[in-house]
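Coordinate-derived values only; no laboratory data. Predicted model only: the values in this text are computed from it and were never measured. Glycine also receives a Cβ, built like all others from the backbone with ideal geometry; neighbour counts cover every protein chain displayed.
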Amino acid sequence: MLKKIRIFLSVIIVFMSGYGLWSGTSGDLLSFTLAGLAVLMVILGVEEQRETTKRRASLYYAVSVFCLFTSIAGFIQ
């Protein structure tokens, strides 16, 4: 289940990034892309925590918090 969500989010994030680069409005989509990336990092952290390494999972969680903070800062501006 998490693998399907991970693949779906990855495709959405890649399409959003590509559209932003192609249309020249990457600044408008950056906050949404970072929010999606934060959700993707949480899912990757959960998968890593279930499978093997706790250290890598905590790294994914830390990157997720940073992406979420950056995304919120982008929404405020």
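The figures follow:
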| read-out | value |
| --- | --- |
| Loop chymotrypsin sites (Phe, Trp or Tyr not before Pro), the chain, which have at most 13 other Cβ atoms in a 10 Å radius of their Cβ (DSSP) | none |
| Pair residue 50, residue 12: separation of 7 Å Cα→Cβ label points (nm) | 1.8 nm |
